[in-house]
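Working notes, beginning with the structure itself.
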Amino acid sequence: MPQQYSTRETLKNVFGFAEFRGEQSNIIDDFMGGQNILAVMPTGAGKSLCFQLPALLQDGLTIVISPLISLMQNQVEALKLFGVAAATINSGNSAEENYDIWRKMRDGSLKLLYLSPEKLMTDRMLEAVQGLNVNFFAIDEAHCISQWGAAFRPEYEGLSRLHSLFPNIPIMALTATADQATREQICDKIFSNNVKTYLTGFDRPNISLNVEIKNGWKQQLLRFLKNREKENGIVYCLSRKKTEEATKALVEKGYNALTYHAGMPSSLRAENLNRFMAESDLIMVATVAFGMGIDKADIRFVFHTDLPASPEAYYQEIGRAGRDGQPAIAHMLYGIDDIRMRRMFIDDENADEDHKRRGHARLNALLAYAEAPECRRTSLLHYFGDKIEFEKCGNCDLCDDPKETIEATETAQKFISAIYRTGQNFGVGHIVDILTGKSTDRVLQLCHDDLPTFGVGKDLGINEWKSVARQLMARGFITADMTYGSLKISVEGVKLLKGKNSFRYRPDAVLKKSLGAKNAKEIFSDMSEEDEELFQALKSYRKEIAGERSVPAYIIFSDKSLVDMAMRRPGSMDEFGNIYGVGKGKKKEFGKKFIKFIADN
């Protein structure tokens, strides 16, 4: 990249963007001035540009540390299409490829090198790096270094040595997912607290947030997917078995669905991932093994059949939807068994008590989100320290259909009393039978029909009592035995029973049917029918080119670029160069092809 280009000229000439977004310009200026940076920015906010652009403005090499080979390869391919000299050294390279990369590093022609933390922090690689003209380090997915986070990667621990080994080289750490404790640990480990933090907000306003109480997950999933046959989406399941069961149910109903979990052969996982990245109507049913590095712009929904592990995991998983800025939906099913299961996972983890305590605290925060009395967006953002306030965000189920909480301390006391009087040895079903006065064989056999609490809860139905139980558990008044599921009363629950705590109950909402799919006309409301037809044709053409190059379609052009082409219909190379996301590299590579395609259609 010629030295004479300014930051803004490079933005336009290489990346095809007319303006910076948010704090990008300030971050770039500080980084180029020698400042260490921690950038916490929401998915789709343009984190990569913050280190890619500085790499082009100075002589020397920028080394980017990334956790996944597929993620590195995609970024390298995208940069090459922009005309940027980038490469990755990984286990998939041939000896000849690595030799060529080393030659380019030594002669100064390579601008960005992508490495895994394991590869960089070997003695041999560190020694080689010290002999190169390195101007910047960038650590992507920096939350992986935090033992308190949801995606801890032990390999990231070694990166804490970078600032001492290379004290004069600025380091940028980037993440979309980090609460305050995680941010503090990143600042301490990576930078020894010599760092400027940019916290640009966590809100993804185009994603609708919805939680539905679990009641027959398979039917709920199928009901949600009605009219979504032509959309990309992800369905997350807790177990491998459940992913296969869900995929089978979807395929039987005519959906284009595939499975992805860690128990599958790696070749099949890779094949399914490649199909997902290339096809525009495929639903991936997966465990959390399908996670980091999934950068597909047109994912319209993320559906959780089970409660995620933490707010960080949830935020990261739903963040894979709507990266094109168009409307998307995050829909989560959640029930009392999810709480018991997640508590069990934390307690069974091979970790110290402090780590488990933090795990329970994170789970409690997610349960508070699931049981939020108003605006889910406010609840989620506040957890991450984003103090944005919404009277009504207008894009979550609680704002669309508000439900008032009811004073229900006496109701809660009845439930807890029934647990206490049965010796804290029974699960939800038996306690509800007692409260509703149901004379089951078990109730009669144990003489629980003689208890003072027998039949005192006939004013509520079975599902209402189950909802009370779930909310009591979510708020820590009762717990469930990890082995048998029997309910126990916590210290706070004892206080509630004695009238020293209060309890408010929120009736479960029935989600509106209007949460269904938004069609293309709604998403691209400014497009004429003819423009929309061309846009769909351009998507097919992009898919064809991406297939020939074995890269994800978004690397060729984003949907936003295709929309711009469809509406502006460039007829010359100069006009094509003014399309959103078209820099000199893509103009040269694709201009004539796309101009001809547009003219022919």
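Points worth noting:
- Among Ile388, Gly359, Ile339 - extreme Cα towards positive end, dipole of region 333-465, charges at beta-carbon: Gly359
- Per residue, the Cα convex hull of region 1-109 amounts to 116 Å³.
- Whole-Å distance, taken between Cα centres, linking region 233-262 and region 107-126: 38
- For region 338-359 versus region 51-87, the gap between their alpha-carbon centres in whole angstrom: 38
- Rounded Å value of the spacing that divides the Cα centres of region 156-183 and region 291-328: 25
- Neighbour-limited loop hits for trypsin sites (Lys or Arg not before Pro), region 17-81 (at most 13 other Cβ within 10 Å; DSSP other than H, G, I, E, B): Arg21
- For Gln424 and Lys248, the FRET efficiency from 1/(1 + (r/R0)^6), where r spans their Cβ atoms and R0 equals 30 Å, is about 0.15.
- Normalised by residue number, the volume inside the convex hull of the Cα atoms of region 7-199 is 111 Å³ per residue.
- Extension gain (nm, one decimal) between Thr405 and Phe345, 0.36 nm per residue minus Cα-Cα: 18.5 nm
- Cβ-Cβ distance of Val491 and Asn274, R₀ of 45 Å, FRET efficiency by 1/(1 + (r/R0)^6): the value works out to about 0.30.
- Residues Asn215 and Asp449, FRET efficiency given R0 of 41 Å [Cβ-Cβ distance, rounded to 0.05]: 0.90
- Estimated at 0.36 nm per residue, the fully extended path between Asn601 and Lys588 surpasses their Cα-Cα distance by 2.6 nm.
- Per-residue extension of 0.36 nm, minus the Cα-Cα distance of Asn578 and Lys356, leaves a gain of 74.6 nm for this segment.
- Based on Cα atoms of region 94-167, Rg over Rh with Rh as the Kirkwood radius reads 1.00.
- Legend: translational diffusion of region 272-316 by Stokes-Einstein, Rh = Kirkwood radius over C-alpha pairs, 37 °C, 0.692 mPa s; D = 278 µm²/s.
- Label-point separation in nm, Leu132 to Lys560, each point 7 Å along Cα→Cβ: 3.0
- Given +1 at the Cβ of Lys and Arg, -1 at the Cβ of Asp and Glu and no other charges, the dipole of region 525-600 around its Cα centre is 580 debye to the nearest 20.
- Distance (nanometres) between label positions extended 7 Å along Cα→Cβ at Ser164 and Ser109: 3.8
- Considering only beta bridges that DSSP places wholly inside the chain, some 10 percent are antiparallel.
- Note on region 451-498: the C-alpha convex hull projects to 4.1 nm² when averaged across all orientations.
Bear in mind that the values in this text are calculations on the coordinates, not laboratory data. Owing to the predicted nature of the structure, the values given are computational and were not obtained by experimental measurement. Note that each Cβ is placed from the backbone with ideal geometry, even for glycine, and that neighbours are counted across all protein chains shown.
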